[in-house]
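Laboratory data are not the source of any read-out in this text; all were calculated from the coordinates shown. Values in this document were obtained by computation on a predicted structure and should not be read as measured data. Here the Cβ positions follow ideal geometry from the backbone for every residue, glycine too, while neighbour counts run over all protein chains shown.
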Amino acid sequence: MVGTKRPAGPGPLAWIALAVLALLIIDRRAFGVDDSIGTISQIRFEGNRTIPDEQLRAAISSRVGRPLSRKMVNADIETLTRQKKWFTWVRADYVKDPSSQGYILTFYVQEMPVLTHVEFRGLKKLRLKDVEENTGLKKGARADHLKNLMAVNQIKRLYEEKGYEFAQVELLEGGKPGDTRVVFQIFEGPKCRLSSIKFVGNTFVSDAVLRTKISSRPPLIGSLGGRYYPEAPEEDARKLIDYYQGQGFFEVEVTPVKSRGANLGDIVLTFVISEGIQYKVRNIRFEGNEKIPAAKLREGLALHSGRPYSDALRDADLNNLKAKYGSIGCIDVEINPERKVTDQPGIVDLVYQIKEGEPYLLGRMIVRGNGRTKTKVLLREANMAGLVPGEPLDANRIKTYEQRLQNLKYFNMNPEMGKPISVKIVNRRPPDQPYGELGPPIDLNEVVRTRMQGPD
């Protein structure tokens with residue numbers, strides 16, 4: 001007789017899958033497609049031993065008198081399990097209320113165990129209160145083995161922030177579900193000191209120049225100085241990248257590497273630099289310029305075709321261009337320089353996007369708030385600065401005027417000592433109203449009134 005093999009029963013994972021599927025079927029059948037079957041008449045909690053019902057009701061969104069909604073109940077379960085972290089699991093069920101037309105909603109919960117013992121062995125350089133607040137671990141708190149495991153790195157970070165870069169933290173007890181005792185073993189080690197700074201891979205500039213671009217400093221004399229800040233290496237690497245990119249090395253890479261020094265606690269900080277190629281400018285273009293031709297704008301530019309790109313030269317040229325527009329009364333000009341990568345390696349084009357705005361003429365001068373200094377003194381200084389009614393309102397001359405007023409030493413120029421004297425542009429208006437009274441009342445410190453320049 002040929003034997004037949006009996007099919008094996010479902011394994012543990014299969015039973016779990018069947019149970020979950022059954023719950024989903026029950027839940028869908030119970031609530032229905034419309035996600036609401038009636039009104040909640042009562043809300044109950046079972047399994048909570050230390051957390052009162054009132055506190056749980058305040059934490060959930062379901063309320064007596066509201067519709068019984070599957071979406072809202074699921075959100076409440078999420079709140080009680082993950083956000084509040086009070087329970088290991090939460091289940092919800094409901095039954096018809098025999099005393100009313102509504103339903104009784106019941107949440108079944110299992111509270112997390114409570115920590116009975118928390119110990120940080122070897123803790124000396126940090127305050128116990130700071131460690132407890134950062135980790136959330138202290139006697140009486142909810143026991144969570146995952147939180148205990150994450151606390152290892154949290155404690156390490158606290159030590160690193162205090163300069164103990166080589167501190168070691170080990171979880172001796174509390175790493176298993178249900179553990180109510182938590183014990184950490186800590187080796188603090190010495191407080192770290194920056195013993196030296198090195199640069200590797202730099203050929204464009206010397207180590208001495210690069211040292212002026214970072215904040216980290218080695219000891220000056222003997223053991224004086226050299227304080228180590230954990231966040232400093234990455235910040236300094238960013239500063240070096242900014243410096244190199246400002247010199248046209250757009251593909252530069254800087255990696256800070258920390259290593260142990262000769263003495264216990266000493267740190268050697270090395271910046272490994274891959275400079276890449278220095279980009280050069282091929283073409284300089286202007287877009288949006290109508291009042292000043294491109295040839296005129298190019299005059300006097302420091303950054304031109306064939307030169308290595310430089311942020312410093314670009315910024316100087318930007319001020320030059322703004323000054324040219326300021327000289328014709330375009331006090332609202334906006335100029336945005338933009339690098340355009342080309343199909344040639346190491347070559348960029350520089351495009352100045354220009355919004356010229358309207359040119360303005362100076363209408364008249366208004367002086368207010370001069371209790372002791374005569375008005376003619378301020379008007380004289382304006383005239384000496386080149387601010388003349390009927391002429392283009394030159395933004396450069398406004399700066400000269402402000403400097404001349406400061407040189408008189410009659411007026412407060414320090415904001416910390418009160419409101420300083422200021423030159424403001426007010427009552428902007430079209431050219432057919434050169435002296436019209438437009439706009440809000442004039443502040444005591446507003447001095448210059450303008451009008452738009454008419455077409456030539």
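Computed FRET efficiency, Cβ-Cβ of Lys355 and Ala262, R0 41 Å: what is it to the nearest 0.05? Present the calculation step by step, with values, prior to reporting the outcome.
Numbers: r = 59 Å, r/R0 = 1.44.
With a Förster radius of 41 Å, E is 0.10.
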Fill in: Ile40 long-range amide H proximity, modeled H, under 5 Å
Gly65, Arg66, Leu68, Tyr103
Worksheet, complete the sentence: Listed with the fewest Cβ neighbours within 10 Å leading, Phe187, Phe166 appear as Phe187, Phe166
Practice prompt. Between beta-carbons, use under 11 Å as the cut-off and find the net charge around Val254, counting Lys and Arg +1, Asp and Glu -1.
Written response: -2
Fill in: Gap separating the Cα centres of segment 74-94 and segment 273-314, nearest whole Å
62 Å
Discussion item. As a footprinting exposure proxy, order Met72, Met384, Met417 by other Cβ within 10 Å, with the fewest listed first.
Written reply: Met417, Met384, Met72
Practice prompt. Please list, in chain and number order, the residues 5+ apart from Arg282 or on another chain whose amide H is under 5 Å from its amide H, with Hs placed from the backbone.
Written response: Gly306, Val348, Asp349, Leu350
Worksheet item: Counting other C-beta atoms within 10 Å, which of Ser196, Ser41 has the fewest, and how do the rest follow?
Response: Ser196, Ser41
Worksheet item: How large is ³J(HN,Hα), in whole Hz, for each residue of segment 75-86 in order, when computed from phi with the Karplus curve 6.51 cos²θ - 1.76 cosθ + 1.60 and θ = phi - 60°, using x for Gly and Pro?
Response: 5, 5, 4, 4, 5, 6, 8, 9, 6, 7, 6, 9
Worksheet item: Counting only residues 5 or more places away or on other chains, whose amide H sits under 5 Å from the amide H of Lys85 once H atoms are built in the peptide plane?
Response: none
Worksheet entry | Cα-derived Rg over Rh, computed across segment 280-355 with Rh taken as Kirkwood radius | 0.97
